[in-house]
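What follows is a short report on a single structure.
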Amino acid sequence: MKPHIITISNQKGGVGKTTTAVSLAHGLALKGKEVLLIDLDPQGQCATTLGLTPEPGAFYLLTMGTETHETTFLKQYVRNTGREHLWLIAGNQTTMAAQTVLNSQNKPYSVIRESIARFTRGNLNYIIFDTAPSVGGIQERAVWAADMVIIPTSTEYLSTDSVRKMTEMLIMLQQSKGWHGSLLGVLPTFYSDQLREHRAAMEDLRQGFGDRVLTPIHRAAVLGECPGESKTIFEKDPESRAAQEYQDLVQRVLKHS
Ligand SMILES: Nc1ncnc2c1ncn2[C@@H]1O[C@H](COP(=O)(O)OP(=O)(O)OP(=O)(O)O)[C@@H](O)[C@H]1O
Ligand SMILES: [Mg+2]
């Protein structure tokens, strides 16, 4: 059994990438799937959101070779999150240095996929990458590693531009870099159906991306409270609309994998 690899990415900041990565990862784990969440953002927020400490796990994943002793070393950084079936390779500031190393050594697009191959022979069902709001180096390689990509995008501003840049990147990777994955969907976040601008942003997204636009996640104060309490939405308020909306995303992923 090979795990499905999902990358959450958008070069725009603060659009709900980490919230989506953590919620999806925990949602799948609650369905009994074995999930490894990997934080490729130097901010290290996957760790803090789950109540763990940021550390250089991602740095080692990105820079170490695949010799047995290197794998043994790296496996020490696969942390038990204290939640059944959910594991984490955390990141911290050193992830930035890893990006410099990758770029200066001119590592191929396939480098992250090759590095995680050592984890794909076990009993994992899903590997989920959270990424930083930036372009270059790690982002493209994390997308290249994925079978499926999810692009969260805020409906608080006209979001089509950054989504279009992302989809252009996906097409470039498919057409000229031999990437075999695909876009699972664009996930509208921070949505308020009462606001005309938000409805306009949704309409704009639907015109551009058709049925690739997933059911939106509404703006919900409870989601903003989760990181500070080191809880996922399924722990903080499993009955909330936000939990239900992320549950729908979990179902969508299960259906497509
Ligand atoms: N639907 C939502 N409603 C309200 N608050 C949200 C929602 N989604 C995320 N948040 C909050 O908004 C902030 C930004 O979200 P998040 O960290 O997930 O975005 P991000 O895209 O990962 O940001 P960055 O680009 O900095 O990595 C966080 O404090 C998060 O708790
Ligand atoms: Mg983030």
Could you tally up the Lys pairs in the chain with alpha carbons closer than 22 Å? Skip any pair fewer than 8 positions apart unless they're on separate chains.
20
Residues Asp211, Asp39, Asp161 arranged by fewest to most Cβ contacts within 10 Å
Asp211, Asp161, Asp39
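Please figure out what share of the DSSP beta bridges in the chain is antiparallel and state it in percent, rounded to the nearest 5.
Around 15 percent of the beta bridges assigned by DSSP in the chain are antiparallel ones.
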Treat every Asp and Glu Cβ in region 4-255 as -1 and every Lys and Arg Cβ as +1, leave all other atoms uncharged, and give the resulting dipole magnitude about the Cα centre to the nearest 20 debye.
420 debye
Return P(r) of region 133-209 (all Cα-Cα pairs; 5 Å bins starting at 0; whole %; ordered from short to long distances).
3, 15, 26, 21, 15, 11, 6, 2, 0
Gain upon complete extension [Glu114, Glu70; 0.36 nm per residue less C-alpha separation]:
14.5 nm
Antiparallel %, DSSP beta bridges [both residues in region 1-142], to 5:
20 percent
I want to verify the translational diffusion coefficient of region 177-250 in µm²/s; compute it with Stokes-Einstein, Rh as the Kirkwood radius over Cα pairs, at 25 °C and 0.890 mPa s.
177 µm²/s
Along the dipole axis of region 135-219 (charges at Cβ: +1 for Lys and Arg, -1 for Asp and Glu; origin at the Cα centre), the most positive-end residue among Gly181, Ser162, Leu214 is Gly181
In 10 Å bins starting at 0, how do the alpha-carbon pair distances of region 1-160 split up by percent?
11, 44, 36, 8, 1
Each label point is 7 Å from the Cα along the Cα-to-Cβ direction; what then is the distance between the points at Asn123 and Tyr157, in nm?
4.6 nm
Pulled fully out, how much extra length does the chain show between Met96 and Glu235, if you take 0.36 nm times their separation in residues and subtract their Cα-Cα distance?
46.9 nm
With Cβ to Cβ distances under 15 Å as the rule, what net charge do the other residues near Asn103 carry (K, R +1; D, E -1)?
+1
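Read-outs throughout are calculated quantities, based only on the coordinates presented, and are distinct from any laboratory measurement. Just so it is clear, the structure is predicted and the values come from calculations on it, not from any experiment. Here the Cβ is made from the backbone with ideal geometry for all residues, glycine too, and neighbour counts use every protein chain on show.
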